[in-house]
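Report on the following structure.
The values are calculated or read from the model by the stated rules, or taken from the named source; none is laboratory data. This one's a predicted model, so the numbers in the text were calculated from it and none came from an experiment. Backbone-built Cβ (ideal geometry, glycine too); neighbour counts: all protein chains shown. Each accessible area value is taken on the protein alone, full model and side chains, heavy atoms only, with ligands, DNA and RNA left out. Shrake-Rupley method; radii C 1.70, N 1.55, O 1.52, S 1.80 Å.
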Amino acid sequence: MDLIDLRSDTVTRPTPAMRAAMLDAAVGDDVYGEDPTVNALQERLAADLGFEAGLFVPTGTQSNLVALMSHCERGDEYLVGADAHTYKFEGGGAAVLGSIQPQPIPHDVDGTLPLDKVAAAIKPVDPHFARTRLLALENTWHGRVLPLDYLSAARDFARERGLGLHLDGARLFNAAVACGVPAREITQYFDSVSVCLSKGLGAPVGSVLVGSSALIEKARRWKKVAGGGWRQAGMLAAAAQYALDHHVDRLAEDHARAATLAAGLSDVPGVKLLGQYTNMVFIGVPADRLRELDVHLRGAGIRISIGYLPTLRLVTHLDVDDEGVARVVGAFREFFVG
Ligand SMILES: Cc1ncc(COP(=O)(O)O)c(C=O)c1O
């Protein structure tokens, strides 16, 4: 029985065609800037997203970290969502390694950070306070697509207040596909954007940070300091190139399957559908039956993450097909209805 893993879109395995592209990749030493496939990937994403330069790094966490450390210096502050990955799920890296203070801002339900709350959090210029330098947004946030007019207002706000604007675009292409716009229409508002290739796009490893040449030069140094100076990374860049060539438009299929999954689960007594956004479905189930449900689903070859109670997040991706969605709905129904 094939395993259906709904814990995250990070679990995808490279397809045979992607593996073939990796085997054929031209490589060189990327610390010397000599890996042709890495260089091509960086140039391509920078050009596509409207920036001067790009930097291919091992993870989204490192990409966000080196971005924050390039925008901010010791004693500076970044404004960030209280539930943003860059604040809550990256081990406090900006503070731990960059001496940069985070100022968390509560999200609105749509994932935006209300600009009046952001304004109120900016510190006066005074030695008592950290220097507020940067606003960091996330799109998609928990699957939700930030509205384009909000991004435009955030850009104007950041300019007025002299702040840099960074986007954690781990799932930028999910947002672009959901909006029906080229990704550049989203990234145009930002000074730097981190894009993950290893989420919905299905590459095994890697993120690209894009920004101005000056920012990326700083980021390149921090990447090396953080131990991210990899060598013949071209094989990984080839997987990323393959993903950009073949796996962007198909994200719409993941979104459609998430909608089908949500509709199917909404009919199952005992399951409360809380929402579906792009490739993510959020449900509530009775807490006292959760462990039993997990065991039942594992028996049916289905994995879910039960770590983020009270809400369960189910994520569709490249390795979940229509038959898989039907199997998941059937397994939930069997558990709750019999
Ligand atoms: C929104 C978001 N940003 C950043 C990351 C970090 O990516 P990585 O796991 O490659 O460090 C993740 C990981 O799931 C994420 O969901």
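Looking only at segment 308-324, filter to residues that are without any contact (Cβ under 8 Å) to a residue 40 or more places away in the chain and outside any loop (DSSP other than H, G, I, E, B); which one of those is farthest from Thr12 (Cα to Cα)? Filtering first and then ranking leaves Thr311. The residues of segment 116-136 that are over 14 Å from His71 (Cβ atoms) and open to solvent by 40 Å² or more (accessible area, probe 1.4 Å), listed by number, are Asp116, Lys117, Ala120, Lys123, Pro124, Val125, Asp126, Pro127, His128, Phe129.
Each row is one residue, and each column tells you yes or no for (1) closer than 25 Å to Arg155 by Cβ; (2) more than 16 Å from the ligand (Cβ to nearest atom).
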{"site": "Ile186", "(1), (2)": "yes, no"}
{"site": "Tyr189", "(1), (2)": "yes, yes"}
{"site": "Ala203", "(1), (2)": "no, no"}
{"site": "Gly206", "(1), (2)": "no, no"}
{"site": "Ser213", "(1), (2)": "yes, yes"}
{"site": "Arg221", "(1), (2)": "no, yes"}
{"site": "Ala226", "(1), (2)": "no, no"}
{"site": "Trp230", "(1), (2)": "no, no"}
{"site": "Ala233", "(1), (2)": "no, no"}
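With respect to the conditions (1) touching a residue at least 24 places away in the same chain (Cβ under 8 Å); (2) within 14 Å of the ligand (Cβ to nearest atom); (3) open to solvent by 30 Å² or more (accessible area, probe 1.4 Å), Asn64 falls short on a single one, namely (3). With respect to being within 16 Å of the ligand (Cβ to nearest atom) and either surrounded by fewer than 18 Cβ atoms within 10 Å (Cβ to Cβ) or in a helix (DSSP H, G or I) (or both), Thr10 fits the description. Looking at segment 129-141, I want the residues that are within 9 Å of the ligand (Cβ to nearest atom) and have a partner that is of a type in the set (D, E, K, R) with Cβ atoms under 6 Å, at least 6 apart or on another chain. Which pairs are those? Every condition considered, the pairs that remain are Glu138/Asp168; Thr140/Arg171.
Scanning segment 288-307 turns up one or more residues that are in contact with a helix residue (DSSP H, G or I) (Cβ under 8 Å, 6 or more places away or on another chain), over 19 Å from Asp9 (Cα atoms), open to solvent by less than 20 Å² (accessible area, probe 1.4 Å) and not polar (S, T, N, Q). Whether any residue in segment 192-199 is on the phi > 0 side of the Ramachandran plot, within 15 Å of the ligand (Cβ to nearest atom) and crowded, with 22+ Cβ neighbours inside 10 Å is what I want to check. No: segment 192-199 contains no residue that is on the phi > 0 side of the Ramachandran plot, within 15 Å of the ligand (Cβ to nearest atom) and crowded, with 22+ Cβ neighbours inside 10 Å.
Do we have Ala84 as within 17 Å of Ala158 (Cβ to Cβ), touching a residue at least 24 places away in the same chain (Cβ under 8 Å), within 15 Å of the ligand (Cβ to nearest atom) and out of contact with any helix residue (DSSP H, G or I) (no Cβ under 9 Å at 6 or more places or on another chain) here?
Values: within 17 Å of Ala158 (Cβ to Cβ): yes; touching a residue at least 24 places away in the same chain (Cβ under 8 Å): yes; within 15 Å of the ligand (Cβ to nearest atom): yes; out of contact with any helix residue (DSSP H, G or I) (no Cβ under 9 Å at 6 or more places or on another chain): yes.
Yes.
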